[in-house]
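What follows is a short report on a single structure.
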Amino acid sequence: MDITTNELDCDSYVKLDAFTRKTYRDVYPAIDPSRPELSQAGKVIVITGGSRGLGRSSFAASFARANADAIVLLARSSINLAQTEKLIKDINPSTQVSSITLDICDEAKVKDTFDKIKDRFGIPHVLINNAGVLPAQGTITDQNSSQWWETHLNMLSKEVNVRGTYNVTKAFLRMTGPNPANPTTIINVTSAAGHIVAQGMSAYCLTKLAITQFTAFLKNEYPRITSVSLHPGMVLTDMGSSVLWLEPFMRDTAGLSGGTAVWLSTGDKAFLSGRYVAANWDVAELEMRKEEIIRDNLLTVCLRGRFGEMVAR
């Protein structure tokens, strides 16, 4: 809030979370998926939660614009998947599309699905773990245990947001192995909410913190695969609009996170592996600060304090 004009600053949360001097709320040239330098030609992209929201308007649309050879959409709703498939074909008729109805919490079915993906398209190159749900909001004592775990969709948030991500990633890694023959990227859609304490959102925030740390483990165990936690910005999706007090700040375009995901999947982005990246940040500055990010282990979750030998100083 601007105390001099009494007007809401719709960019305030972007400013608070800014790691780079320049920030964006829409697609800009460096992440424009139509740029030849960001071409995804020859790649197979798997997107969870591909039937709506960011899965459709951000990731599916952007990778279609980047000329991906094939996009595999995973989601629970066959009707909504058909709409995403149409969008991809409208953007780029040459991109192959496969829509698969799947509950990502079912590990056996996830495994079978990836076997089918491999049989049809070969080993996928990029995984976008986008599927997620927003649990009921309220303080810890306002909710009973079931409310804290369940969502408006009567599904378990920890199951979808954490277990589902684990199941899909495990199946993907079983295809790629630890030393993939081609550049391979995992993008886990997280949130700035994962490293703040947002009133009434403990159930959701904790799942996003878990995903951010899960990404760090991926980097540690699979160093030859680039794994990044991506905060998509503040986009007015159906899920996002359910947090009424945040709605006025949701001014980011869907293309911003989609373009950032395409950029992360292009070239050598190993310096960001295991780290948190916000779609609002200037990617050119991130590259300029590569040595600093690695040297100081920035953009990672840590506990602040004085420990070990530092205590005696």
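For the peptides 181-192, 69-80, what is the packing order when you average, over each peptide's residues, the other Cβ atoms within 10 Å and list the highest mean first?
Values: 181-192: 22.0, 69-80: 20.2.
Result, highest mean Cβ count within 10 Å first: 181-192, 69-80.
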Once normalised by the length of the chain, the mean sequence separation of its alpha carbon contacts under 8 Å that are 6 or more apart gives a contact order in percent of 21 percent
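In what sequence, highest mean first, do 229-235, 269-275, 195-201 appear when ranked by Cβ atoms within 10 angstrom? Numbers along the way, then the final one.
On the way: 229-235: 26.0, 269-275: 20.4, 195-201: 14.1.
By packing density, highest mean first, the sequence is 229-235, 269-275, 195-201.
Pick out the long, greasy-scoring helices in the chain: whole DSSP H runs spanning 18 Å or more along their own axis by Cα, mean Kyte-Doolittle at least -0.5. Don't jump to the answer; show the numbers that get you there.
Details: long enough: 78-91 (20 Å, -0.03); 107-121 (21 Å, -1.25); 202-221 (28 Å, 0.35).
Result, helices passing both filters: 78-91, 202-221.
Ignoring ligands, DNA and RNA, what percent of the 1.4 Å accessible area of the chain is carbon and sulfur? Show your work: numbers first, answer last.
On the way: 8100 of 15270 Å².
Carbon-and-sulfur percentage of accessible area, whole number: 53.
Taking only protein heavy atoms into account and a 1.4 Å probe, give the accessible area per residue of the chain in Å².
49 Å²
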Say the cut-off is 23 Å between C-alpha atoms; which of K109/K219; K15/K219; K43/K269; K118/K269; K43/K118 go over it? K109/K219; K15/K219; K118/K269
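So how much slack lies between L236 and E285, counting 0.36 nm per residue of separation and subtracting their Cα-Cα distance, in nm? Mind dumping the intermediate values first?
Working: separation 49, 0.36 × 49 = 17.64 nm, distance 2.65 nm.
Taking 0.36 nm per residue and subtracting the Cα distance, the gain is 15.0 nm.
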Under 5 Å from the placed amide H of D69, counting only residues 5+ away or on other chains, we find G42, K43
Find out how many positive minus negative residues lie around V235, taking Lys and Arg as positive, Asp and Glu as negative, among other residues whose Cβ is under 9 Å from that of V235. 0
Centre separation in Å (Cα based) which lies between region 6-64 and region 194-212: 21 Å
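The values are calculated or read from the model by the stated rules, or taken from the named source; none is laboratory data. Small disclaimer: the values here were computed from a predicted structure and weren't measured. Note that we place each Cβ from the backbone using ideal geometry, even for glycine, and neighbour counts take in every protein chain shown. To get the accessible areas, we keep the full protein, side chains included, count just its heavy atoms, and leave off ligands, DNA and RNA. Shrake-Rupley method; radii C 1.70, N 1.55, O 1.52, S 1.80 Å.
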